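> The following block contains the structure, expressed as structure tokens.
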Amino acid sequence: MREELLHRFWNPKCTNRWDFKTMDLKPIIIRNFGELNTLQGPDFKEAEVEVNGLVFYGSIELHIKSSHWNKHGHQYDSRYNQVVLHVVWEYDESVMNQLGQIVPTICLSDYFLEKDLQKAQPLTKTVTKFPCNLSLNQLDTNLIEAQLNAASIGEMRIQSEETFNWAEQLNFDWERVLFIRLFAYSVDPQNRQIAYDLAKQIPVKYFKRFQKFDYIGWVISESGLWDQSPQFIRNHFQKYIHSYKRNIFPKIEPLQNWQNRNLRPGSYPIQRIMQFLEWINGREGYIDDLIDEKNIENLHRLLCEDRGLMNSDPKKKVDLERSNSNLMGKTQIRERLIQNAILPVWGARRIYLGNEIDFDFSKMLRKGSFESNRITESMNWLINMGAPKNQKMSHALLAQHKHFCGIKKCSSCRIGQELWG
């Protein structure tokens, strides 16, 4: 049995009931089964549950066995403090959240047989994950394009508002805000949040004031990166650890849970952060020009530019691609940083000035390359024949899946409204 099957089963159409009892026999009424969360955190969000006459709003977590709560480390994760109901197929132990509170649990096998779960299985091989796919030829292509544009701009707006909140906490120091986003998005997704927490502790001014060996050794040693990296990776960075001057830098709060599993060669967090710090060193600590530049081609050039080399000999021709670290030497990494770090900072500044996040933002991605992954491949059916497959299109498909198709919000989608009323 797979957890995904329980996710599909967890809806009133499959269960055909709303009333249950917790393992300690408290009556439960599910007022809202919640929406599937496609991001990190509890499985279903925005749920409403009545437990023993009291109504709770929050998240719902599903597991095959109740003990998987502790196996997955949810008892130490503050994100799971908002879970109001634990839904399991097999109950083998009670669980608590980080606050020490027992999480109400219901056991589905007390109410259903395994054959009942077949309600959540596709009936035939022709059933599509996205029902609209079968009727898409009935729609005007302009309506599909308008929906994808709306999804893309919606995602830009969300990221810009999130970045604005960061900026407000940092007294609208835009260079520092951009540094934090660049730092966080230079690593792989599973280390993004912890990289963000680290970046908030690092003043940008140190990259302008101190030598590379000093601040690189400071960051990778004090942050917990060094201790938690595999030994064969650590061997490459011994020189930084032994050279930095410990008495000139402030204390960094060590961070736990750097993830080094299931990563491609060259993608370990210590390697990516090293490359990012090398890039900062090449720019002598200055990234302010990235904030004001509004031309995509110029942004790619500026991301590759090594200010130290350029300033040392203005007449010397420098191969910008080769003079920089491997991080910015790859076009797809630059495109990802422009999309997820630089554009949200631009958007936050527009919000600061009282302006709207408009269609021009997504148009800036037109010259970037299409991002091929499992989500964009599954959403290919939305691309009209002959439509350009570029970064703007992949961003729109990812946003469409995140905010509409992946969480079945058909009633909020123009395509769904047209097809299903």
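> With springs only between Cα atoms under 10 Å apart, run a GNM on the chain and tell me which of Phe112, Phe44, Phe130 wobbles the most.
Taking springs between Cα atoms under 10 Å, the residue moving most is Phe112.
> Give the shape of region 148-273 as rounded, prolate or oblate, defined through the alpha-carbon gyration tensor: a ≥ b ≥ c are the square roots of its eigenvalues, a/c under 1.5 means rounded, and otherwise the shape is prolate if a/b is larger than b/c and oblate if not.
Here region 148-273 falls in the oblate category.
> Hey, of (1) 42, 30, 19; (2) 41, 25, 19; (3) 70, 29, 20, which did the structure itself give for semi-axes √(5λ) of the Cα gyration tensor in Å when calculated?
Only one option fits the structure, namely (1).
> Scanning the chain for helices, which whole DSSP H stretches are 30 Å or more long along the axis (Cα) and average -1.0 or more by Kyte-Doolittle?
In the chain, the long hydrophobic H runs are 141-169.
> How far is the Cα center of region 221-278 from the Cα center of region 333-401, in Å?
Centre-to-centre distance over Cα atoms comes out at 31 Å.
> May I ask what percent, to the nearest 5, of DSSP beta bridges between residues of the chain are antiparallel?
Of those bridges, close to 65 percent are antiparallel.
> Same structure, new question: Net charge near Trp69: determine it from the other residues with C-beta under 14 Å of the C-beta of Trp69, scoring Lys and Arg +1 and Asp and Glu -1.
Details: positive: Lys65, Lys71, Arg79; negative: Glu3, Asp43, Glu61, Asp77, Glu90, Asp92, Glu93.
Neighbour charge sum, excluding Trp69 itself: -4.
> Going by average Cβ density within 10 Å per residue, which order do the peptides 20-31, 147-158 take, highest to lowest?
147-158, 20-31
> Ok, one more. With all protein chains present and a 1.4 Å probe, how do His72, His7 order by accessible area, largest first?
On the way: His72 95, His7 40 Å².
Listed by decreasing accessible area, they come as His72, His7.
> Moving to a separate point now. So how strong a dipole does region 237-306 carry about its Cα centre when Lys and Arg Cβ are +1 and Asp and Glu Cβ are -1, to the nearest 20 debye? Don't skip to the end; give the middle numbers.
Working: 10 positive and 10 negative charges, 135 e Å.
Its charge dipole is roughly 640 debye.
> Hey, another quick one. Given Cβ point charges of +1 (Lys, Arg) and -1 (Asp, Glu) and nothing else, what value in debye, to the nearest 20, does the dipole of the chain about its Cα centre take?
It comes to approximately 1080 debye.
> Something else now. What residue among Leu178, Ser78, Ser369 has its Cα farthest toward the positive end of the dipole of the chain, where the charges are +1 on Lys, Arg and -1 on Asp, Glu, each on the Cβ?
Ser369
> How big is the dipole moment of region 1-67 about its Cα centre under a simple scheme where the beta carbon of each Lys and Arg is +1, that of each Asp and Glu is -1, and everything else is neutral? Debye, nearest 20, please.
The dipole of region 1-67 has a size of about 220 debye.
> A further question follows. Quick one: which residues, 5+ away or cross-chain, put their amide H under 5 Å from the amide H of Met96? H built at 1.01 Å from N.
Hits under the 5 Å cutoff: Val103.
> Give me the one-decimal nm value for the distance between modelled label points at Glu253 and Lys26, 7 Å along each residue's Cα-to-Cβ direction.
So the label points at Glu253 and Lys26 sit 3.1 nm apart.
> Okay, moving on. May I ask for the Kirkwood hydrodynamic radius of region 337-401, worked out over all distinct Cα pairs and given in angstroms to one decimal? Please report the intermediate quantities before stating the final value.
Working: mean 1/r = 0.0783 Å⁻¹.
12.8 Å is the Kirkwood radius here.
> Additional query: Given a 10 angstrom Cα cut-off, can you work out which residue in Asn32, Asn281, Asn191 is the most mobile in a GNM of the chain?
Highest fluctuation among the options: Asn32.
> What accessible surface, in Å², does a 1.4 Å probe find on Leu54, ignoring ligands, DNA and RNA and rounding to the nearest 10?
In the full protein context, Leu54 sits at about 110 Å².
> So which of Lys330/Lys392; Lys21/Lys115; Lys45/Lys363; Lys205/Lys330; Lys45/Lys408 end up more than 24 Å apart by C-alpha?
Checking Cα-Cα distances, Lys45/Lys363; Lys205/Lys330 exceed 24 Å.
> Highest GNM mean-square fluctuation, the chain, Cα pairs closer than 10 Å: which of Ala167, Ala387, Ala396?
Ala387
> Tell me which of Asn149, Ile28, Thr15 sits at the most positive position along the dipole axis of the chain, charges placed on C-beta atoms (Lys, Arg +1; Asp, Glu -1).
Result: Asn149.
The values are calculated or read from the model by the stated rules, or taken from the named source; none is laboratory data. Nothing here was measured: the structure is a model prediction, and the numbers come from that model. Positions of Cβ are backbone-derived with ideal geometry, glycine not excepted, and every protein chain shown enters the neighbour counts. Ligands, DNA and RNA are stripped out before the accessible areas are found, and what is left, the full protein with its side chains, is counted by its heavy atoms. Shrake-Rupley method; radii C 1.70, N 1.55, O 1.52, S 1.80 Å.
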